[in-house]
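Read the figures in this text as sums done on the coordinates, not as results from a lab. A quick note: this is a predicted structure, and the numbers were derived from the prediction, not measured. Virtual Cβ from ideal backbone geometry, glycine too; neighbours counted across all protein chains shown.
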Amino acid sequence: MKVSLTAQPVDKVSAQTLVITHFVGDVPLIGPAGLIDWRLNGRLSRVILGGRFSGRAKELMLLPAEGRFKAADVVWLGLGVKESFDEAHIPQVFEFVIDVIIKKKASQVALSLTQMMGGPFDWRSAVALLVGRLQSERTLKELILSEPEDCIRDAKKRRLELGTGVQVNFD
């Protein structure tokens, strides 16, 4: 499996599927979800305002990209209430994301973990956990992590290793 780390914004990353996350009540949309909402002319905001998506834990919506950014489609994943979300929830979120990847038979997935994480150490731990759980999934060929420059710089400096059979690339 290939893991690509990039500081490019999610709308500039070429991928089959883009996974974005949302906490209940995070309005206006920020981070990757805000960027994708902007690219889709406010469609995500309208979905929230129309009551069709709130961000409840494990709430899921699949949206076409309509050629407005480089991913073919978007999986929008609810994380629940931000104030009650902590590190203990990360494995559950990853299991849900992996289940979605398997069901979609996605070979290339892009996402950003920093919106869920507290700092670089938490981020590195989350990357290792996610990749460890994805290694047995044969359909997925590439995981692209679109993260802030400081996370990418830290991963390079520390020579991020993710196990045998995992090729790490930096963009």
Residues located in region 113-171, provided they are over 17 Å from the mean Cα position of the chain (by Cα), farther than 13 Å from THR6 by Cα and in a helix (DSSP H, G or I):
PHE121, LYS157
Residue in region 68-82 that is touching a Pro at 6+ places or on another chain (Cβ under 6 Å), surrounded by fewer than 18 Cβ atoms within 10 Å (Cβ to Cβ) and either without any contact (Cβ under 8 Å) to a residue 40 or more places away in the chain or closer than 18 Å to ASP37 by Cβ (or both) present:
yes
Residue pairs within 9 Å by beta carbon, gap of at least six or interchain, first lying in region 29-41 and part of a loop (DSSP other than H, G, I, E, B), second among the charged types (D, E, K, R), listed first then second, are LEU29/ASP37; LEU40/GLU66; LEU40/ARG68; ASN41/ARG68
Filter pass, ALA106 being touching a Leu at 6+ places or on another chain (Cβ under 6 Å), surrounded by 12 or more Cβ atoms within 10 Å (Cβ to Cβ) and touching a residue at least 40 places away in the same chain (Cβ under 8 Å):
no
Pull up region 65-112, narrow it to residues that are assigned to a helix (DSSP H, G or I), under 18 Å from ALA128 (Cβ atoms) and among the β-branched types (Val, Ile, Thr), then point me to the one that is nearest to the chain's Cα centre (by Cα).
VAL97
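Residues checked against (1) of a type outside the set (S, T, N, Q); (2) farther than 24 Å from HIS22 by Cβ; (3) surrounded by 13 or more Cβ atoms within 10 Å (Cβ to Cβ); (4) touching a His at 6+ places or on another chain (Cβ under 7 Å):
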{"residue": "LEU111", "(1), (2), (3), (4)": "yes, no, yes, no"}
{"residue": "THR114", "(1), (2), (3), (4)": "no, no, yes, no"}
{"residue": "SER125", "(1), (2), (3), (4)": "no, no, yes, no"}
{"residue": "ARG138", "(1), (2), (3), (4)": "yes, yes, no, no"}
{"residue": "LYS141", "(1), (2), (3), (4)": "yes, yes, yes, no"}
{"residue": "SER146", "(1), (2), (3), (4)": "no, no, yes, no"}
{"residue": "GLN167", "(1), (2), (3), (4)": "no, yes, no, no"}
Test: THR21 is over 22 Å from GLN167 (Cα atoms) and of a type in the set (S, T, N, Q):
yes
